[in-house]
Every structure is written in structure tokens, then in C-alpha cells.
Amino acid sequence: MTTHDDPPPPSQELPAAGAATVATRPSSAPSPQRSGERTATAQGAPRDSEVATPASAWRLGFRTFTENHLATAGLVLLVLLVLFSFVGPLFYHTNQVASSLISQNLPPSGSHLLGTSPEGRDELGRLMLGGQSTIEVGLGVGVLATLFGLVYGALSGFVGGILDAVMMRVVDALLSIPYLFFVVLLAALTRPNLLLVIVVLSAVSWLSTARLVRGETLSLRTRDYVTASQGFGSRAHQVIARHITPNLLGVVVVNGTLKVADAILAFASIAYLGLGPPPPATNWGELLSAGINNLFDGYWWQLWPAGLLIVVTVLAVNVIGDGLSDVVEIRLQKR
Amino acid sequence: MTGFVVRRFGQAVVVMIIVSIVIFGILHALPGGLVRAQLGPRATAFSVHELTIQEGLNKPIVVQYGIWAWHALQGRLGFSYKLNESVGALLSQYLPRDLLLVGISLLLAIAIAVPLGLWQGYRRNRPDDHALSALMLVFYSMPSFLLGVILIVVLNIWVDVLPSTATNFGTGLGTDISVLALPVFALCLGNVSYFSRYMRSSTVDNLLSDHVRTALAKGASPRRLLLRHVLRNSLTSTVTLIGLTLPYVLSGSLIIEALFNYPGMGLLFWNAAQDRDFPVLLGVVLVVTVATVVGNLLADLGYAALDPRIRYK
Amino acid sequence: MKQRILDVEHLRTEFHLRSVNVAAVDDVSLTIDQGECVGLVGESGCGKSTTGLSIMRLLPRSGHVTSGRVLLDGRDLVPLSEAEMRQVRGRAVSMIFQDPMTSLNPTMTIGAQVAEPLVIHFGSSKKAALDRTLETLHLVGIPNPRERVDDYPHQLSGGLRQRVMIATALAAEPKLLIADEPTTALDVTIQAQILDLLDRLREELSMAVLLITHDMGVIAGRTDRVMVMYAGKMVEAATTDELFAATRHPYAEALLQSIPQLTQDASARLPSIPGHPPDLSRLPPGCRFAPRCRYASPACVEEPPLEEAAAGHLVACFHPVGVLPGSGAAAAWSAPGAPSGIPEPPLPPATTPLEPSGAPSRDGDPMPPDAATRRLALAAAPVLVEVDHLVKEYPVRGGGMRRRVGSVKAVSDVSFGIRRGETFGLVGESGCGKSTLGRMVAALERPTSGTVRLGGDELLRLRGADLRRRRRELQLMFQDPYASLDPRMRVGSILREPLVVQGVGDRRQQWETVASLLDEVGLSRRAVDLYPHEFSGGQRQRIGLARALTLNPRLVVADEPVSALDVSIQSQILNLMKALQRNHGLTYLVISHDLAVLRYLSDTIGVMYLGKMVELGAADDIYARPAHPYTHGLIQAIPVPDPSIEKAKRSAAVRGELPSAVNPPSGCRFRTRCPLAQEICAEEEPPLRGFGPGHVAACHFPLLSPSADQQAGGAPVVSVTSEPAPGAS
């Protein structure tokens, strides 16, 4: 442990974000010769079909992804959910601005396919509207947190030394503040809107990405091909651009996908605590929360559809992440 | 080992210092600053002035931080005018209930997840493993309050065996157990899904490792393999993970307490957020963070104790 | 006749890969008698390890024995239930594996691990198990077993760990021991010790041993009989003496020829096998070796049966060596895959441009014309690299405050010179500091003190752009062909990168350079559009070499350039390196643990031990007349593929294990393991003394008498002797 500066290995795996998911799958095809011998295929010459196609790496990735049927199903499901939320309202017109006292809590009927909300708005229309903001928050946080975590982690890992130590202690510190408490505190300080929610969730979500990226960068930095590149005179930025970043991408994309899932869950939690953007804006978490308030009245249409949509969306994103991690792992195996 | 412990302890202290600076920064950024935050918006200019002098808030910011940190160390975290009680007193009243809820559910989660993950790893890619993995993935993809609601619907509305709220916690051992059951269960299931996923993958890694092959070559039975060769090695990494999960568990408790009206720190915090009762908010954040840091420290020490490579260094 | 322990009949093991079934072991039969050691030899992927695992029924989940019988003492293991099989494993048959670092459980004491088979099979009491454990640990040569028994594996050195590994296998006194590459992860001096131990134990316990290895030298010295495998098939089986004296199968013959030997004439080309082993999921019809075989004929599209060529000598070939007139010594290498009807391996006819039309065989052919002239030319060449009193120490930090508690003395006061066009070989065991030295010469690491000059300039004195520009003059070649190429870049971009970084030429010129380099290293130009993972290890090493040459460097530092490769591929790369040196006037610094490889490649060899250069001289001198006992021991420890030499060796020449570089022994660092050490060795550090032209060694009791006129001190710039060294060829 003399040279070990950090908490033991698995700390690179981030709790809710699921670097653990990356490690979840055993290598899908255990190599036949375990005792240090390479697999039969690794030794063979490339297949002729691949020789002529320059995009073979992408193809290989795509093939690996689609071999994971669950992940493919997740992708299809996610596309459907996006269509439901963003294209649905074009075909299913509802008034989502005005509340109506006479049509409160109506059960499903011909005019309101999924009944109405406690404010008398059409529930199906609300679910579409809520889907928009939920998906926007998920993707927004996924992108923002990943980008920031990538830059921060890569910088820390590549520069190393004292800067690395300081940057990582800051991450440690912020990671020790339970995220929901932090988010609630920030939400209490300001009036929430969608953009702010994205920023606040990103502010707690980038930390684990930064840690993961730093660990990967540290290991990439000592690879032979990086040494070779420095050996013929590459500058630091050239090494980062040519070798470090492209090799980080796989892991980062997987991590970013899981971040989307986490962000959707966290957004639902914030909304449940009543700290989401105020009505008439809505989101699935808030709808679910309204359903919970009427739990004992038997208004099932206010509760289960919203809950189901959240679970299905998060599930879809998670299995997509698993599929992507297969792709990354296959490439690692071929390395 | 001593070197490891000392260094790890040092890290924890550094982390706490950074956290305290962050919290102090937020406090400072509050409208009206520290004094208003303590006295509330309706305080008179005179009392504001008096407290400013008394707390040394007219001094340079570094000194202010020193004073605040010193007070915080002594447990003096300010006064809640909303609840008309000192924050320290509030916390000492609410904190044990949290330790109870979080502690029980964490222990339960470990007790379920470790054997489950071990079993799944052993049966990897067989139908029962796939079924369990799918179930765990569903739990994993569910907001914790939805999980709680499902439990309420099943165990309270359909089969009325357990109460749906925990408001009357503290009225006796019998009620306490029945009242705690649903929150503990709701909080625990989410963690089970997370821990068991990790335990499973760690088990798989270990089962494919060379030393397990050696054990097989000695004629070890599956039972011996799992209990003697895999369990401990997989636990070492899982223990660290549990430590790192603490902030998420505590976050989960905030939601669960709000759902079940369990009178713990989470509920206190939530109410304080709605009332913008800043002394309470910051005090709670400080306490849960200390809890996390201490938990992390304990987890790493547990890791060191389990892994002879660190123990004998 | 001795009792038959193992009888494997027509074993076939298949793996279910994603879409295909692959037979990793195809119709393999072998027998082992009591007290006998049978060798199973072949390159990676040939199925030798799978055979061992099939006997133990320890195959990974995707693998199954699909036919054949495995008779142990007459009892067939194949149909046994898993529970019955557990009774067999560890009791009747034991197995040890390659890597002692990972094959022991890191969280169990070694005592518990050795005792485990006793507990499992005999239900021994704690006391009985402990007694037997101590006895076994003593048997395998663990010093002070009583003190060691509660240690954890990470507290032991690699050699001791492998001894513990052997102890776990022997605790229950099995009848058969399967040793799967037991010494591949160890240094040669330790390898010799472990192999001696296995020999001794086999005799004492009259155990049957199946020794699986890729190393013909290990086979030669340690086995009674040998089976050679290729692509899942048994191709030849004979007694060890017979196999080496009268090799019949062309593969076995070519394999033996392509191993660089210490007695090798360094100026002759190393015969090599073109191409690489087939992909098991797409095998050629008929003989699997035919596409690479120099004797292949149209008949080889049929599968040759394994037949008795002489008494007890089985061979599977239609054209066994030494039987057909016109084969053997006189034969020329045919172009790979030439016979019609035999599909050529799909990607590049890698070696075609480089394979000579008439490679000299082992016994024929006098020294090619350039050998003597090369020596003369080198002696006159200017010095390119000067290493002067180089020191590198790494701080060791410990305790709570991470203060400095000591330092690893990686390189301690090393001086030498490399002439232009010369190949300088640096040899030593792992941890001797050779790689650190290489990195300092390559200007990748700053020395603690001392200097490295390239063409008279100290590169690390330069800064920024100047340093980066000068870096083109020295390039690197790496050990691991999988890690040295960026997996996300196409080969074209990989090769162009140095040119882009250094701003050499325009786009078109850069691509022309890349194309001509690919031609030169024997790869198809189509390679530019492919990714590294689409190439085999040997091909990747070619790409690595091409990349090192793009900038036309003066010096190439090659760290273990062939040690990750199979023998048949290794010789291709060694030949290529030599050819490129001739064509480009390159200077090489080659770092290797393998003295035989260096002997073939180098003009001058430096021997390092624990951070010190202990001997330095012309390659021939170092081999033929070593002055330092360590050099001698190293040469002795290398297994030679010749049973008569190998079996005459008594025992491991170097005792014990490498001491810590944090607290190296006082005086001569080698004294703790030296058979000749006396008191003075602990008190005084021996100076470098001359033993002939350019030959120096640091020893108080050298194996040669030092030459009086030569006093080597300070920084000896070694000149290569102009006389051909006697006894070299």
C-alpha cells in the first residue's frame, strides 16, 4: 500500500452510477485456453468479409450490441417512449394549461383515455408532457455531467501529482455529502425550473464520472502506445486527443448512459419531495407523487401509468447501458 | 496496516475540512448571511447587529470560518427559530432514529444480497440467475418511493398486516417493530438489488480466477469453493462498495421517511426545506456527511482487515 | 515393466464458441507409466493445456470431452460424475499451473492451502494436517516451514510461491502430476531450481508426470518421452532422445530449427516457419500444417494418420523428414501455401518477401560474406550512445506520513557505449534494472545521476521543441504486441502518426512512406485500413517495428521484442530485425531475459545483476568464455534443446533468489547466490577488470584470469574485437 493513494480498487466503481454494471457480465465467451493461451480466433487471420470494410470497428460494435437482445429491446422501447412524449401530443390534443374543477379525478373514459388528474387535466396528455421534461432532464444531465466529469477526470489523471491529489480530495468530499440532501438544500435556496434542475443534478452527478475517468486515464497513460507516441515527440495535447480520449470514450459512453437512468430517478425523487418545477409544468415524478397523495382513494390511473413509465424508461436505459458495455468489453478483449 | 490506517484517517479529516468549507460557503451565500439564517427574516436590526458582534461575524472571513468550525465541532450548530429549539438538540433527538432505520435496513440488505449474489454468481447465466437478475434490475430501476408505495398497496391495502405510516413511532416496542417494517423493507430492497449485482459480478470474477481453478484441482466441492475461496475475496471488494453507497442510502432514507412520515432526520430536513429553515438544513447536511465519512472509514478499515495484502504490509 | 498410470485414448475436446464448435483437442492418445515424465509440447493454441484440463475434467463451461477415454489406473474418468471426479482430483491426480502469483488464494495462509487436499480427501485433524503440511513444505524446499506456514502468498517470492503450489499438489501424494507450464512465469535461474525439484520429487515419490510446455529445451532435459501437438492434433510422439536425434515431422523439425541456440552462428539466418497457426474454427482440409510446410504436396489434402515410423516413434505425415529422398537438408523452403488445393492463410503472405530462397540449414553453409567484415566495420564505427555512470533510484515511501523510508536502487553506476550499426544486448533477470536502463537511454526517464549521450548530445538536457525534434533519432519497440498499438487507430494512422507529429513530408509522401514500410516488414498494403485486433501477435510486432522505423531513427531501443511470441513467430521477427538493421544502418539496444536470443542478435552483450553491470563483452566472448560466475550460471540455466547436453547438467547453477533492490547486499551484489563467494566479496565491491579486448567483468574470483594490460575503469567504451572469437562458430 505504499504507493496507493486512494481507497481500495472498487472505489473506482461508482455507487449509484453503475460502473459495477460494466463489470456485471462475465466475458460472454470464455476463451477455451485459459492458461495464458490466446483464443483460437484471436490468432487467426482477419476474416475476409472484414478486410474490405473500413467501418469494421463500428460494425463489430453494432453486431455485439444487437446480439444482446435485451439491449436491442431497450433501445426500441426508448425510441417508442420518446415518440410517445414528443410526437404523441401532435395527435392527442389536450388542454394542459387550464385546470378544471368539474373534471377532477375522473376515471378513464372515451374523452379522457386515462382519466384526469386532481386538477382536472387529462392524465394521458399530462403523461406525454411529463415525459418530455423527464427525458430532457435525463439526457441533459447525462450529457452535462459526462462532459464535465470527463474533462475534470482526464485532467486530474493526466497531470497527476499535487493537482491530482487536490482535485480528487475535492471529489471525495463532495461525494460524501449525500446527494439528495445537497440537491434539496440547493433547491430550497432557489426557485426551481427545468434548466436549474438539470444543472443541480449534473452538479452532483459528475463526481463519479470524474473518478472513473481519472482511473481510466491513469491506466491509459502508462500504455505502451502512449509511451511510443511520447517517444516520437508528441505533445501532451496530441497524446490526449489521439490516444487518451478515443480510448476513454467507450467507458464514458456507458457511464453516461447509466447517468441518464440515475438522473431520471433522482428527478423523480426531487419532484416527489415537491421541489420540482411548479405546475402547469409537470414530469412523471410529480404525476406519480400526485397519485400517491390520492393512494387511498383508489385513483389507480393517477398512480400506476406514471410509475410504470418511469420504471420502463429507466429499465430501458439501463439495459442499453449493459449492451454498450458489452461492446466496450469486446473491444477490450480484442486488445 | 498502521500506515494504511493513519493515512486513511488523514484523508477523512481532509475530506471533512473541504466539506465544512463548502457548507460554510453556502451559509455565507445565503441572503442576509449567517445571522439572518439563524435569526430568521423577522429579526430586528438590533438583534442582528448584536449577534453579528457576538458571533464575531464582523471579523475577516477566515476568522469567521474558524469560529463557525469551532462551534460546529462543539455541536453548536445554531438555533432554529421555526422550531424554537437549538439545532444540536433537534439532531440528538432525530439522529438515533435514523441510525436505527438505516442500520437495520443496511444489515438486512447485506444479509440478503451477499448470499444472493454468491448464488447467482455460482449459477451464472442459468435460468434462475437470469430470473433473479431481471428482478433485481427492476428493483434497481424503480424510484424508492414507488417501491414503498407498492409495499403499502400490497401489505397495507390488499392484506392489512402492516401500518402505512410511521407517525406513531416511539409509542412502544411492539408498535415500533410493525411501524418500522415497511420503511426498512422499502429502503432495503433497493440496496439489495445494488449490492447483489456487485456481489454477483465479483463472485463471477473470482470463480474464473486462477486460484479457484487450483482449488478445483485439489478436489474442492462447490460448497467449499464458495465459502472458503470465493466469499471472502468477493466480500473484500463488496465491503468498500457498501461504504461508498452510504450517501445513497442516506438519500434514500430522506425519501422513505417523507413517504412513511417516519420522524427521522430526513423528515426533519424535508420540513426544514419547505420552511427554509437554514440552520436545520445545514446542520443536517453536516451530520449526514460526517456519518458518511465515518461509514466510509469503517468500510475501508473492514476491507483492510479482510485483505491480508493490506493487513501484513 | 512399470505400472501404467495414465492411458488417454482418442481424446477429443470441443468448445462451443459463439456460433461454431471448435475441437481444441482432436484424437489425442498418450500413456504415462509410474515414475515416468512425459512431455507435451507445442505452441500456444495447439491444445496442450486443454489436454491437461481435459484429463482433470477442469474445462471451462463451454468445453466438453466429446469422445475418447481417460484411463487412470484402468478406470475411465470421462463418464464419472462430478462428485466422483472430486474424489480423484487432488488425490490421484494433481495439477499445477503457470502463474504462481494468481494461482494461490491471496486471502488464505499457505499452510491452509497446502493442508486443503488433506482436509478434503482424508478429513485430517488439524494437528495431522499441520504435521503433513510442514513435512510437504520441507520436501519442496521451503526454508523454515514452521515460520512460513502462516504467511500469505504475497509475502513470498515468485519461486517460493511456485514451491508452495507444488506442495499443495503433492500433499495427498497423487500418482499423477500434471504440470502446465510450471516455470514459464519464472526467471531462468529459478526455472532450473523448480525443474530440479520436480525431477527429484518424481523420483522420490515415483510419481508419473505430464509436463506441458512450449519450451523444447525444458523438454530435452526433463522428459523421457515427448508428444508434439499442432492445432489440436498429435503430430509426433517418440522417446525424447529419439525425437531430438531423428525428428520426423516437418513441424517438429522446423520448430527445433527456429529456436535460436547458444551455439548458433549469429551471422546465419535463423530458419523460420512462414505464416502462423491456423484458426481452429477454419481449419485447412487434411494436414493442418500443410499450408506452412516446406514439403507439402497435393497428397496433404488428405489427413495423414498417426503411424509408427520406427519402433515406438509415431508420426502423422505423408512426407516425414529423413524418409523421402530430396527432403531434409537439401530442400529449399517452398513459398508458403504453394501447392495447389491448399488454401493460403487469408491475410498477408507475411513472410514471402523475406524468406530466403536457400536458407542455410544448421550444419551446412559457411559464414556469409558479411560476418567478418561486419566486425571490422563495427570496430571502426564511431560511438553513437555513451552511457556514463548512470544511476536511477526510486524513493520508497511508507508509514502514515508517506515519508521516504529508502530507495529502490534500480540502476547503480552503469557505463557503456554503443557503436553506430552495432547491436547491444542487455541481459538479466527480472528486477535487474535492464528495462529502467533502456528507458533512460530512450530519454523517457531522467537518471538520478550520470548521463546518456546520443551522438555526443545529452538529450534530456534539451527542453520543449528541441527535445521533441531530437526524439526522432531514437525509437522504441515493445514487448507486448497487444498493448503497444492503439486499439482504436487503423494501422495506417498508427504508422503515419510519427510523421504527422514530426511534420515530415506532405500527406502524399507520408502515405508513400507508410506503404513502403509495410512492404519492408512483410505486410500487405491492405493493412492500412485495418485495426490492430485484426492481426496476430507476430504481425502486430511487425507493425510495431515499422512504426519505430518511420522516422528513420539512429537508435532503436527494443525491450523484450520477441518474448511474447511463439518460437516459430519469434524467428521471423529476429530475422526481420537483422534485415532492417542492414538496410537502414540501424543501431539496436535490445533488452531481453533470453541470452540465446541476444546471442543471436547482438554484437556486444552486457549482463546486469541487481542494478549493476557485472560483465560486458563481445557476444561470442560472453558465451564462450564468461568471466563472471553469474554469467556462467545464466548460460548454464538456459535449457538447451538437446537431451545430451541438457541431461548432463547436474543442478541449478545459481542458488536462491534475487535479493531486494532496496537493501542490496554489500560488496558484490551477487555474493549471496554465488558459489565462489568469500569474505572479501561482502566487504569490497569488485571493480571492472579486463579479460580480453572489450571484455570486462566485475568479480573478485573470475572464471578467467584477467589480462594484465587491460585496466578497465571509469567508462569503458567497448570496442568490438576485430578478430573472430575462437570457439564461437
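Each reported figure results from applying straightforward, stated rules to the coordinates on display, with no laboratory input. These numbers come from a predicted model, not from an experiment. All Cβ positions, glycine included, derive from the backbone under ideal geometry; neighbour counts span all protein chains shown.
Listed values, structure above:
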{"item": "Peptide-level mean, for A:219-226, of C-beta atoms on other protein chains within 10 Å", "result": "5"}
{"item": "Local electrostatic count at C:ALA208 - Lys and Arg +1, Asp and Glu -1, tallied over other residues with Cβ under 13 Å", "result": "-2"}
{"item": "FRET efficiency estimate (nearest 0.05) - Cβ-Cβ, B:VAL290 to B:PHE46, R0 30 angstrom", "result": "0.30"}
{"item": "Chain C: relative contact order as a whole-number percent, Cα under 8 Å and 6+ apart", "result": "13 percent"}
{"item": "Ascending count of other beta-carbon atoms within 10 Å, so fewest first, for A:TRP300, A:TRP284", "result": "A:TRP300, A:TRP284"}
{"item": "Relative exposure of B:ARG223, A:ARG121, judged by other C-beta atoms within 10 Å (fewest first)", "result": "B:ARG223, A:ARG121"}
{"item": "Residue-averaged beta-carbon neighbours from other chains (10 angstrom radius) around C:20-28", "result": "1"}
{"item": "Phi to ³J(HN,Hα) by Karplus 6.51 cos²θ - 1.76 cosθ + 1.60 over the range A:154-159, Hz, x for Gly, Pro", "result": "5, 4, 4, x, 6, 6"}
{"item": "Percentage relative contact order, the range C:371-713, counting C-alpha pairs under 8 Å, at least six apart", "result": "18 percent"}
{"item": "Cα pair distances exceeding 24 angstrom across the range C:392-491, given as percent", "result": "39 percent"}
{"item": "Contact order relative to length of the range C:4-223, as percent, for alpha carbon pairs under 8 angstrom and 6 or more apart", "result": "27 percent"}
{"item": "Inter-site label distance for C:SER644 and A:ASN293 at 7 Å from Cα along Cβ, in nm", "result": "9.9 nm"}
{"item": "Order of A:TRP304, B:TRP270 under a 10 Å beta carbon neighbour criterion, fewest first", "result": "A:TRP304, B:TRP270"}
{"item": "Under 30 Å from C:LYS434, Cα to Cα: lysines that are on another chain or at least 8 residues apart", "result": "A:LYS334, B:LYS313, C:LYS392, C:LYS409, C:LYS578, C:LYS612, C:LYS649"}
{"item": "Antiparallel bridge percentage (DSSP; both residues within the range C:4-223; nearest 5)", "result": "55 percent"}
{"item": "Summed side-chain charge close to A:GLN104 - residues other than A:GLN104 whose Cβ falls under 15 Å, Lys, Arg +1, Asp, Glu -1", "result": "-2"}
{"item": "Over the range C:96-223: Rg over Rh, Cα atoms, Kirkwood Rh", "result": "0.95"}
{"item": "Antiparallel DSSP beta bridges within the protein assembly as shown, as percent of all bridges there, nearest 5", "result": "65 percent"}
{"item": "Global geometry of the range C:54-99, whether rounded, prolate or oblate, following the gyration tensor of its Cα atoms and the 1.5 cut on a/c", "result": "oblate"}
{"item": "Chain C shape via C-alpha gyration tensor axes, a/c threshold 1.5", "result": "oblate"}
{"item": "Fraction in percent of alpha-carbon pairs per bin - 5 Å, the range B:186-263", "result": "3, 14, 20, 17, 13, 10, 8, 6, 4, 3, 1, 0"}
{"item": "Cα-Cα pairs of the protein assembly as shown separated by more than 67 Å (percent)", "result": "16 percent"}
{"item": "Peptide ranges A:154-163, C:522-531 listed from the most packed, as the mean C-beta count within 10 angstrom indicates", "result": "C:522-531, A:154-163"}
{"item": "FRET efficiency, 1/(1 + (r/R0)^6) with R0 41 Å, evaluated for C:ALA465 and C:SER407 via beta carbons", "result": "0.80"}
{"item": "Average other protein chain Cβ within 10 Å of Cβ, residues B:237-249", "result": "5"}
{"item": "17 Å Cα-Cα reach of C:LYS127 towards aspartates and glutamates, excluding residues that sit fewer than 8 places from it in its own chain", "result": "C:GLU116, C:GLU135, C:GLU147, C:ASP150"}
{"item": "Lysines whose Cα lies under 16 Å from that of C:LYS2, excluding same-chain neighbours fewer than 8 positions away", "result": "C:LYS175"}
{"item": "Tail weight of P(r) past 21 Å, computed on alpha-carbon pairs of the range B:93-306, percent", "result": "59 percent"}
{"item": "Efficiency of FRET from Cβ geometry, B:HIS130 and B:SER178, R₀ 51 Å, rounded to 0.05", "result": "0.90"}
{"item": "Two-site label geometry, C:ALA372 and A:THR245: point separation in nm, points 7 Å out along Cα→Cβ", "result": "6.1 nm"}
{"item": "Cα gyration tensor, the range A:184-333 - rounded (a/c under 1.5), prolate or oblate", "result": "prolate"}
{"item": "Beta bridge orientation in chain C: antiparallel %, DSSP, nearest 5", "result": "60 percent"}
{"item": "Neighbourhood charge, 11 Å Cβ-Cβ cut-off, centred on A:ASN283 and excluding it, Lys, Arg +1 and Asp, Glu -1", "result": "-1"}
{"item": "Rh (Kirkwood; distinct C-alpha pairs) - the range C:231-298, Å", "result": "13.7 Å"}
{"item": "Protection proxy ranking of C:660-671, C:280-291 - average other beta-carbon atoms within 10 Å, highest first", "result": "C:280-291, C:660-671"}
{"item": "Structure-based [θ]222 nm, the protein assembly as shown - -39500 (n - 2.57) summed over DSSP H runs of at least 4, per residue, nearest 500", "result": "-15500 deg cm²/dmol"}
{"item": "Point-to-point label distance, C:GLN87-A:LEU308, nm (Cα→Cβ direction, 7 Å offset)", "result": "5.7 nm"}
